[in-house]
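Note sheet for the following structure.
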Amino acid sequence: MNLQQLLSLIPYYRSESSIDFSHIEIESIQVDSREVTKGDIFVCIRGYTVDGHDYAHAAVKQGAAAIVSEQEIDVDIPVIIVPDTSRSLPLMANVFYDSPTKDLHLIGLTGTNGKTTITYILEALFQAHEKKTGVIGTIQRKIGNKSYPVENTTPHALELQKSFYQMIEEDVDVCMMEVSSHALDLGRVYGCDFNLAIFTNLSQDHLDYHKNMEAYFQAKSLLFSQLGNTYNVNDQKHAIINVDDAYAEKLKKVTAQHILTYGIEKEADVYATNIHFSNGQTTYTLHTPIGSIDIRTPLIGSFNVYNMLAAASAAIIHEIPLTTIASTFANIKGVDGRFEQVVEGQSFSVIVDYAHTPDSLQNVLETVKEFATNHIYVVVGCGGDRDTSKRPLMAKIAVDHADEAIFTSDNPRTEDPQLILNDMTDDLDQTNYETIIDRKEAIYFAVEKAKQDDIIIIAGKGHETDQTIGKQKFEFDDRKVAAEAIRSLDRKMG
C-alpha cells in the first residue's frame, strides 16, 4: 500500500517533504522502533514511561520509509505531523488492514468481573453452534484452537486490527473481546465495529488510574455509546446489561441500541430461578424471551450464574437454541484460574481464583460458604503500585467471610510488601488472620493447617504464572505451589 492511501482517513496533516506520497510503498506499520524493517512506517506514540519520538532516529536506521509524529523530526525521510498520533494510529491501521471488523461479528465485554469467563463460555456456545471463534482477553488471544500470548487485556489499536485481519484470513465468524476501562479511555478500540456489547458489573478497581467510580463508569460506558446512534435492519447492534448492577439504569441511557437485560434479583429479560449450589455443580432454571430450560453445570457460584446469563443473552440474540445452551453449560470446562480446583488426593478442597477486587473476593467467599461443611481459609494479598484504597476492604471481606485469613504478597511490584500488608490490616478489629510476606510460605501454611473437609481459597493471581517483585518477574503459579504443598504433606506423613 502506498503512503498516500495509508493517510487517506487522516483529514489534516502536514509534511515538509516534497516527495509524492503515492510513490512511497509502505510494507507495515510499527510503533516499536525495534520491530521496524525496510519500508515500514513508524508511528511515534507517547506512553507513560516511553516516548516514541525519542526513537524516531533509531527507526530510520532500521529502514523506516516514513514517520508519523506530533512534532518536527530532523530525518531524511518524510515526516507526517498530526495533532495526536494515538488517534491517527487506528485510522491508519483500519486502512492498512481493510477495516476487518466490518466482516467480523465482534462482541465486546466490559465490567469489573466476569469478562474472561464469559468469553470462554461464549466460545463454547458458538463452537457448539458450528461457528469458528476468536478470543482476545486477559489470558490469551485465540483463533480457532490456536493460542497466542498477550501483554494487555486489550491490545493497542494496531495490534487489534492486525489480529482481526488475521481472523478474517482464517475464516473466523465471531470474536469475543475483553474491553478494559484503560483501553476505552486510551482509545485503543477506536475503529472497532462492535455488533454487541456486554456489561457485567462495576465495583471498585483501577482507582489508581480513574481516581473515582464516576470516571471508571464513564470509561466503561464508552463501549456502549460507541455502538452508534443509527439503525440498520441488516446489521442490528445490541447492548446486554446486568440489571442487578447499581449502574445499569445509567448505562441504559448511554446507548441508542437494542437492550437485553439479565439478572437474578430484579426483573430482567433473561433470568434464573431455583438456584442451588453444591461443591461439584450448580443447578437453576434459565428463563428467556424464547422459553425456559433447566440448567445443570459444573460452574460453581452465583457469579458464574451471572456469567452464564450474560452468555445466554448473547446466544439468544444469535439464535442459538436453548437446548444447545443447556448442553454447552452442562459440559463447559472451567477457565484457568477461575474457581479452579487443585486436586492431589487430599481430604480438603483447594480453590485458586483470580478474585483481586473486593466484590470478586466477596463473591467467591460467599459462594464457598454455600456448601462449606468445615473451616474456610483464604490466602490473599493486594498488588503494589495500584489502588491502595481497596486494601483494607479486601482484608475486611477476608476476615468477615473466612474462618482464617492469611494475608500475603500478590504482585508487590516496587512497593514494600510489608507496607502493603500494613495497609490491609491496620484498621482490622478481628484477629482471625496471619500475615506472611512470602506467598509460597503462606500457601504452604494454609495447606498444613487444613483438615478434612476444610476449604482453602487462594485468591488474587488466578491464571498468572509469575510474580512481579520490584521490576522483575519470577516464576510463580498458585496452582503449582498448592499442588507441591499438598504433595509435601504426604512426604511428611510418609
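Bear in mind these aren't lab numbers, they're just calculated from the coordinates by the rules spelled out. This one's a predicted model, so the numbers in the text were calculated from it and none came from an experiment. Every residue, glycine among them, receives a Cβ derived from its backbone with ideal geometry; neighbour counts consider all protein chains shown.
Kindly express, to the nearest 10 degrees and within the range 0 to 90, the angle between helix 391-401's C-alpha long axis and the longest C-alpha principal axis of the chain.
30 degrees
Relative contact order (percent) for the chain, with alpha-carbon contacts under 8 angstrom and 6 or more residues of separation?
Normalised by residue count, the contact order of the chain is 10 percent.
Name the lysines eligible as straight-distance cross-link partners of LYS449: C-alpha to C-alpha under 16 Å, and not fewer than 8 places from it in the same chain.
Reachable lysines: LYS440, LYS492.
Calculate I(q)/I(0) for the stretch 256-347 by the Debye formula, one identical point scatterer on each C-alpha and no solvent, and give its log10 at q = 0.11, 0.24 Å⁻¹ to two decimals.
With one equal scatterer per Cα and no solvent, log10 I(q)/I(0) is -0.33, -1.29.
Where does the chain land at 222 nm, in deg cm²/dmol rounded to the nearest 500, when only DSSP H runs of n ≥ 4 count, each adding -39500 (n - 2.57), divided by all residues?
Value at 222 nm, helices only: -10000 deg cm²/dmol.
Over 20 Å between Cα atoms: which of LYS102/LYS252; LYS369/LYS480; LYS38/LYS61; LYS333/LYS396; LYS115/LYS220; LYS390/LYS473 fall into that group?
Violating the 20 Å Cα-Cα cut-off are LYS102/LYS252; LYS369/LYS480; LYS333/LYS396; LYS390/LYS473.
Can you tell me what the convex hull of the Cα atoms of the chain projects to on average, as an area in nm²?
Convex hull of Cα atoms, orientation-averaged projection: 25.0 nm².
Could you pull out every one of the lysines with an alpha carbon less than 17 Å from that of LYS131, ignoring same-chain neighbours closer than 8 positions?
LYS142, LYS146
Whose amide H sits under 5 Å from the amide H of GLU434, counting only residues 5 or more places off or on another chain, with H placed in the peptide plane?
Correct list: ALA405, ILE406, PHE407.
Amide H to amide H, which residues 5 or more places from HIS258 or on other chains are under 5 Å from it, using H placed in the peptide plane?
Hits under the 5 Å cutoff: LYS237, ALA239.
Take peptides 408-418, 52-62 and line them up by average Cβ neighbours within 10 Å, highest first, as a rough protection proxy.
Peptide ranking by packing, descending: 408-418, 52-62.
How much of the pair distance distribution for the stretch 267-419 lies past 19 Å, counting alpha-carbon pairs only, in percent?
59 percent
Would you mind checking the tilt of helix 439-449 against the longest principal axis of the Cα atoms of the chain, expressed as 0 to 90 degrees and rounded to 10?
Helix 439-449 sits at roughly 20 degrees to that axis.
Which residues' amide hydrogens lie under 5 Å from the amide hydrogen of SER28, considering only partners 5 or more residues apart or on another chain, with H built in the peptide plane?
When sequence neighbours closer than 5 places are left aside, the close amide H contacts are ASP40, ILE41.
Determine, for each peptide in 86-92, 195-201, the mean count of other beta carbons within 10 angstrom over its residues, then list the peptides with the highest first.
Going by the mean number of other Cβ atoms within 10 Å, highest first, we get 195-201, 86-92.
Based on alpha-carbon atoms only, what is the radius of gyration of the stretch 1-98 relative to the globular estimate 2.2 N^0.38 Å?
0.95
For the stretch 316-323, just list the computed ³J(HN,Hα) in residue order, Karplus coefficients 6.51, -1.76 and 1.60, θ = phi - 60°, integers in Hz, with x standing in for Gly and Pro.
Listing the rounded values in order: 5, 4, 8, 6, 7, x, 4, 5 Hz.
If contacts are Cα pairs under 8 angstrom and at least 6 residues apart, what is the relative contact order of the stretch 100-331 in percent?
Relative contact order, the stretch 100-331: 19 percent.
How long are the semi-axes of the equivalent ellipsoid of the stretch 354-465, defined as square roots of 5 times the Cα gyration tensor eigenvalues? Whole Å, largest first.
Result for the stretch 354-465: semi-axes of 21, 14, 13 Å.
For the stretch 3-96, what does the relative contact order come out to in percent, with C-alpha contacts under 8 Å and a separation of six or more?
30 percent
Semi-axes of the equivalent ellipsoid of the stretch 299-374: what are they in whole Å, largest first, if each equals the square root of 5 times a C-alpha gyration tensor eigenvalue?
27, 15, 11
Suppose we keep just the alpha-carbon trace of the stretch 100-331; what are its Rg and Dmax in angstrom?
16.7, 47
Enter the angle in degrees (range 0 to 90, nearest 10) between the Cα long axis of helix 478-493 and the first principal axis of the Cα atoms of the chain, meaning the one along which they spread out most.
30 degrees
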